[in-house]
């Protein structure tokens with residue numbers, strides 16, 4: 001499994017909100033040995049959640065959002 005990088009954006013598949021994007025802040029291993037992902041809301045950085053990394057990388061739960069390339073300079 002390819003690990004996502006900090007800054008990667010995800011959308012919760014079950015969310016009905018169109019702007020419900022979450023940004024990966026960090027990945028860490030908990031005291032229980034499970035890898036976790038710390039996420040923060042893209043619209044309100046004070047909203048945070050910590051989920052098992054396996055949940056964030058499960059396409060049935062979250063969809064990665066491809067970053068949009070910056071427009072080419074002329």
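Just so you know, all these numbers are worked out from the coordinates, no wet-lab data involved. Note that the structure is predicted; figures quoted are calculated from it, not measured. Cβ atoms come from the backbone with ideal geometry, glycine included; neighbour counts cover every protein chain shown.
Calculate, for residue 2 and residue 60, the FRET efficiency according to 1/(1 + (r/R0)^6) with r their C-beta to C-beta distance and R0 22 Å; round to the nearest 0.05.
On the way: r = 18 Å, r/R0 = 0.80.
For R0 = 22 Å, the calculated efficiency reads 0.80.
The stretch between residue 34 and residue 21, if pulled fully straight at 0.36 nm per residue, gains 2.3 nm over its current Cα-Cα span.
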